[in-house]
Each structure stands twice: as C-alpha cells, then as structure tokens.
Amino acid sequence: MTRPATKEPALDDAQLADLAQQLRVDAVRAAAAAGSGHPTSSMSAAEIGAVLLARHLRYDFDHPELPGNDHFILSKGHASPLLYAMFKAAGAITDDELLTFRTLGSRLEGHPTPRLPWVDVATGSLGQGLPIGVGVALAGKRLADLPYRTWVLCGDSELAEGSVWEAFEAAGAEGLDNLTAILDINRLGQRGPTRHQWDLDAYARRIRAFGWNTVEIDGHDIDAVDEALATARTTRGVPTAVIARTHKGRGVAEVEDKNGFHGKPLPHPDEAIRELGGLRDLHVHVRGPAEAEPSQPVGDPRTPLPHYDIGDSVATRTAFGEALTVLGSRRGDVVVLDGEVGDSTKAQLFAKEHPERYLECYIAEQQLVAASVGVGVAGWKPYASTFAAFLTRAHDFLRMATISRADLNVVGSHAGVSIGEDGPSQMALEDLAMMRSLHGSTVLYPCDANQAAKLVVAMADRPGITYLRTTRGDTPVIYASGEDFPIGGSKLVRSGPEDQVTLIGAGVTLHRAVAAAEILAREGVAARVIDLYSVKPVDAQTLRDAAEATGRFVTVEDHHPEGGLADAVLESFGNGHPMPLLTRLAVHTMPGSATPDEQLHAAGIDADAIAAAARKLVATPR
C-alpha cells in the first residue's frame, strides 16, 4: 500500500539558510563527540543537503520500502556526518543517536551502511556511488517505469576514479533523465588541492562530452542550488550534473578552505558552533513520494529446465545461458547484466527471450557490478556475467557490495588454463580465491551441464554474493537431469571400501580426476573421487569421512595454488579433525598459448599428473 505525497509548506530561503547551518553544527558536534570523522567535508555541502531535503527529495522515512521513494546516495561517504544530520532534521533519528556517531554498536558508522533503513548501499570507497546510482536509475526507467529520482552527491576527489567516468558514459548513453549527480567541488582533497580545484568548466566540459546536461553554481547560494535541482528534475532525455563550487569547512574561519583539516574533528568545536550561530533544532517535513506500484513481469514457475543426456558433451557456459533463460521465464524479477561478452558467456540467450530485462554494460566491469548492485537495490534479482579474468577489475565493487548486504549473482566464464590458445591474459586463475575471500560469499564450480543448470536456479534465492564459475569447452554430462546439487554439498562420484586415496576436483578437473581413478584402478589402486562443486560453503563432513577412510588427498584445480579449491579443502580440518596427507595440484607456472589438453598437461593437472601424484601418496606411509 503506497501513501500519497504529503503537502507540507516548504521552508523559505531564510529557514533553509538556517537549516544549512544546523547541518554544519550537527556535523561538528557528531565528529567532536566521536573524536574522529570528516566534519569539514560535510560542511561544504550543507546548503546542498538542506535544499535537497526540504524542497526536492520525495521520501517517506516511515516507509523506506515504498517503490516511489527517491534514492539518495552519498558517494562521498566520508561526509556521513552531513547525512546523519539530514536524517536528524527529517526526524528519522534523534539528537541522542546523532551523538553516538562512530561508537561501538551505533548505527551511525564512520561511513554509511544499510544498517540504517534509509541507506541503500555502503559508500566510503570513493568512485562507487554514481556507478551504483546508474543501476538504480536504470531499474526505475528501463525495468519498472517508476517515478522516483536518483540523487548522488559526489566529492571532487573521487572524480579522479575511472569508475565515475564509466558511470557518466553509461548514464549519458542511456538517457537517464531520472539521475542527478551533484558534485561538491570544495577544491581540497585529503593531502592538498584536487587536480582541477575550482575549475568548474573543466568538469563541465568532460561531463557534457558524455551527453549530460550540466549546471554550474555557487554551492552556498540557496537560490542557485534550488534552481539547479529544479532544473535537474525537469530536464528530459539526458541526466543532469549540478557542479557546485563550495568551501571545505564553510562557516568556520579556522578551517574554511584550509589544508590540513581533512578527516579530523574541528580543533575548537565549541567556538566553531558559536561562530555558526549556535544550536538549532529545525525539523523538515520531507515530501512523500508519488503513488507508485512496483511492476515486474509474472513468471511461470512450471517452465521446465533444460536437461542433458548422460554422455553428451556440453559446456557449462552453454548450460548457464540456457538455464538462465528458463529462470527468466519462471521469475519475472530476474535481470541479466552483461559486459559485452554475452555471445561467449551465453548470457545472450537470455537477451533473445527477455530483451527488456537484459542490460548491456559494455566493457566496463566496475560499472557492470555497480549497476547490478543498483538494480538489486530496486528489488530485482541481478545476474552479472563476464569473463572471470576481468572480474578482478571490479573486486573493490564486490567487496563493497558485501558491506551493502547486496544479493548479487556473478558468473565468470572462460576460467583457467583450459580455455586454451587465448593465453594468460584471458585466463582466470585467481577468481576462486578472490570470490572466496568475500564476506558471506558462495562459490560454485559445476562440472557438467545438468549440475550447472540446477545451480543457476539455486543462486536466485541465495543471500549475499554468489559466484558461478563456468567453463569454455565442452565437458561430458555425467549426472542425470533429475539429480539435485544442494549448495554446500558435494558428489561422491566414485568410492569403495578399499579406497586408498581421495581425488578431489571441480569443473574441468573433476573429469581429469575420474580419468585418473580409472588409470589407477587398472593398476590395482582404488581411488575415491569427490566432485567439490560447492567450493564455499564446502562439504566438510564428506571430506572428513574421506580423510578417515583413505588418509590421503590429491586436490586438483585449474587455478593458482593460493586460495582456491585446496585451501577450501584444508579449512575443513584442524580443530581436532586429523589432517590427511595432501598433494595439491594447481597452476604453478605462467601459461602461454596452447590447446586445452596441452595446457592441462603443461600445468600438471591432467589425468596422468593426478595419477602420478596419487601413486606417490599411496606409497607414503600414513
């Protein structure tokens, strides 16, 4: 049930000027109470915050879940005292809570996070707010036709980040007139002046080149800020950037436009508060959103998954694309975002069936992940896909997504040396370690098409970041389409009471482990084979049972030895669980160009290498 927009009288200019001073005073007070923080970075944008809150934001703080609510993203997350002061002015938090800033257990963290219901995403790693805002705006304009506006407040230091310019280009190309970037150009960064200082035209020229409307203003002039934000709201066909010249530490002579005060409470906060006119307790009646209803297609959950016959050879990337297409028919909330490699990842199969829910982000992996997070903020189920190797460019966005409590599905194809002739620049050999290290993440690595299809579906309801690693080349189908593959599980592919060694693989190496077991069997050596398709969480019980039964492990992975499958296996031991003898086979050398089979052989992770490692272990006394 949505609520109509409230009709409260807007504050006049004098009251807005007073509100801006209140925001400054509260920023100073919060940082002084904490003994740390960024009050000067907050003070530069006080008029912007006051005018936005009182005249332009459409938001129901009692009901942050309303689909018509605007979205405000503080990209310069270190200016959190300003944001919290705005929340206090809106009546969302009390003065007592404001003064818990940066203390143990407080919701008001040093940089904002969604522990607060009015904060969409965590910010603080600079250069991420605008790219995420692009995703939020895309969801409103392209996916759901909702009336909300996305406002992003950026600092000038972060405009050196390439991700910001990926966002400017994406928003301009998409014509996101529901997106406004407000640039707080206060001239000073952490250690001194920024690159362009107060040259507003230098910023405007660059931003206009990406298809934006720009408005250059004095950011401390109430009327100018109001007019610029009104222009942004009424401009059609292109996004608007409000480029505001401001002073860091505005209103306090001791710190205003002076270097050396970044990230510190004011030296004399009581004097600063008196200079700013003293304490105030203005309350803003923020206008509510327009009535809106969320709009998502209705899916048919009975749509059957693709199935593959045992003995067929199908690439897991193909199964991913085909299963994802079916999932899009089952669920109307699934959205796919691509890094201009959809023909290779097979995400393009989804585009053919559900073009309205396919967002092309081109070769801009930071924007790809950021847009996926933004789409998730708006209530959709994002699947972001690209070559696994190129996800490393977006690792910080993935890291921040965990702090944002984002539910995000990431698919990396063309992993490992098994891609063949393309060579090392295209080979993901770090991705398992990268994705496993993310807080609360899930990491999946299917070995056949039916397994991949089931895991694609399971990802949709998995909280946090879920990563699926897919393979370029065809692999044999070894599982029936009716089998289940629970996250956190594994498959015992081969076992017997006389097993002497356990071979553990996933993806392409599982098939090599099976072949190695057959070689060993012909020599009279019984080998157990485990398909560890769930790399995180790992099936610790099955591994411990195998260790007790055989006492010897050979792990084999198409990945560097650090942080991948072997480390996932080892984490199941210790704390009273005896460690098996272990040989880890992985890619230790720098690969070149060669066929897939040649690559696996050169890396020492083919069937012959696995069998040789197993023989050596079996000959070693336990």
In the set 57, 52, 66, 19, the lone residue that is over 18 Å from residue 252 (Cα atoms), over 26 Å from the mean Cα position of the chain (by Cα), among the hydrophobic types (A, V, I, L, M, F, W, C) and in the same structural domain as residue 242 (by TED's automatic domain parsing) is 52
Answer yes or no as to whether residue 306 is assigned to a loop (DSSP other than H, G, I, E, B) and touching a Lys or Arg at 6+ places or on another chain (Cβ under 8 Å).
no
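Go through the stretch 273-312 and give me each residue that's free of Cβ contacts under 8 Å to residues at least 40 places away in the same chain and under 27 Å from the mean Cα position of the chain (by Cα).
Going through the stretch 273-312, the residues free of Cβ contacts under 8 Å to residues at least 40 places away in the same chain turn out to be 274-275, 298-304.
Once the filter is applied, which keeps residues that are free of Cβ contacts under 8 Å to residues at least 40 places away in the same chain and under 27 Å from the mean Cα position of the chain (by Cα), the stretch 273-312 yields 298, 299.
Being in a loop (DSSP other than H, G, I, E, B) and in contact with a strand residue (DSSP E or B) (Cβ under 6 Å, 6 or more places away or on another chain) is the filter here; which residues of the stretch 33-91 pass it? Can you show your working first?
Filtering the stretch 33-91 down to residues in a loop (DSSP other than H, G, I, E, B) leaves 35-38, 44-45, 57, 59-70, 75-76, 90-91.
Hits for the stretch 33-91 are 44, 45, 70, 75, 76.
Every residue, every condition in (1) farther than 30 Å from residue 202 by Cα; (2) modelled with pLDDT under 95; (3) buried (at least 21 other Cβ atoms within 10 Å of the Cβ), yes or no:
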residue	(1), (2), (3)
250	no, no, yes
254	no, no, no
258	no, no, no
273	yes, no, no
284	yes, no, yes
290	yes, yes, no
306	yes, no, no
313	yes, no, no
334	yes, no, yes
Please return the ranges of strands (runs of 3 or more DSSP E) entirely within the stretch 313-383 where 2 or more residues are under 19 Å from the mean Cα position of the chain (by Cα).
334-338, 358-360
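The values are calculated or read from the model by the stated rules, or taken from the named source; none is laboratory data. Quick caveat: nothing in here was measured; it's all calculated off a predicted structure. No Cβ is skipped: glycine too gets one built from the backbone with ideal geometry, and neighbour counts run over all protein chains shown.
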